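Enquirer: Okay, handing you the structure first.
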Amino acid sequence: MASTKVRVLDAAIELLGAEGLRALSHVRVDQRAGLPTGSTSNYFRTRAALLIGVADRILERELPLVGASFSPTSADDLVEALCGLFAYLTGPNRVVTTARLVLFMEGSHDAALREALTRGRAAAMEATAVPALAVLRAHDPLVAGAAIAACFEGLILHNIARHDDTDPRRTFDLVVRAALA
């Protein structure tokens, strides 16, 4: 069984992803997690601390999945991996992805949260995209990774926020091939 802290964070992710930022309160997290009132406050005294905890938990949940999907041996493999990850993040993992987007928007005016999100993105890039792009002989793996990540994040935003279910394959193919040129 998950620790109480993990239950708190997972409940907060569900609230953010299903109902948005306004739904997030310590009491609502306690209720969603099936915990006694005050449990969330024992771990996260402030809402700001809870948001940073959520950002870290999302990374903890998703980084192993992302890492497992990124060992491409060709541009085609990378496009397939991106398409598979995109389908997962916007399908079965949609609530978590939506929660992350909520955090992105909140981070636009919360420096501490923005820093946590930036650390998470850097960790994901360093652990997955940059090494994969180096193996594929990208001229500048860091820049190529940033370009692919920006494209990926933009397509996710369109899918989640606008319910745009356009197939991302052609876009990923274009950006990956440009990144490896």
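Enquirer: So how far, in whole Å, is the C-alpha centre of the stretch 102-129 from the one of the stretch 69-96?
Expert: Value for the Cα centre distance between the two parts: 20 Å.
Enquirer: Any idea how far apart HIS163 and MET105 come out in nm if each label point goes 7 Å out from Cα toward Cβ?
Expert: 1.6
Enquirer: Could you look at the chain and say what percent of its accessible area is carbon and sulfur, using a 1.4 Å probe and all protein chains?
Expert: Looking at the chain in its full context, I get 57 percent from C and S.
Enquirer: Now a separate question. Taking the dipole about the Cα centre of the chain, with the C-beta of Lys and Arg at +1 and of Asp and Glu at -1, give me whichever of PRO72, LEU155, HIS139 is farthest to the positive side.
Expert: The listed residue farthest towards the positive side: LEU155.
Enquirer: When Rg is the radius of gyration of the Cα atoms in the stretch 5-103 and Rh is its Kirkwood radius, what does Rg/Rh come to?
Expert: Value, to two decimals: 1.09.
Enquirer: Taking only DSSP H segments of four or more residues, each worth -39500 (n - 2.57), what value at 222 nm results for the chain once the sum is divided by all its residues, to the nearest 500 deg cm²/dmol?
Expert: -24000 deg cm²/dmol
Enquirer: Moving on. Suppose R0 equals 30 Å; then what is the FRET efficiency for SER74 and ALA18 from their Cβ-Cβ distance, rounded to the nearest 0.05?
Expert: After rounding, the FRET efficiency stands at 0.20.
Enquirer: In debye, nearest 20, what is the charge dipole magnitude of the chain about its Cα centre with +1 on Lys and Arg Cβ and -1 on Asp and Glu Cβ, if you could check?
Expert: The calculated dipole for the chain is roughly 520 debye.
Enquirer: Still on this structure, please answer the following. Over every pair of different alpha-carbon atoms in the stretch 63-133, take the mean of 1/r and invert it; report that Kirkwood radius in Å.
Expert: 13.2
Enquirer: Then there's this: Which one is right for this structure if Rg and Dmax of the Cα atoms in Å is calculated from it: [x] 18.8, 62; [y] 20.8, 78; [z] 17.3, 56?
Expert: Label [z] holds the value from this structure.
The values are calculated or read from the model by the stated rules, or taken from the named source; none is laboratory data. Computed from a prediction, not measured in an experiment: that's the story for all the values here. When we count neighbours, we look across all protein chains shown, and the Cβ atoms used for this are built from the backbone with ideal geometry, even at glycine. For the accessible areas, the whole protein counts, side chains as well, though only heavy atoms, and no ligand, DNA or RNA atoms are used. Shrake-Rupley method; radii C 1.70, N 1.55, O 1.52, S 1.80 Å.
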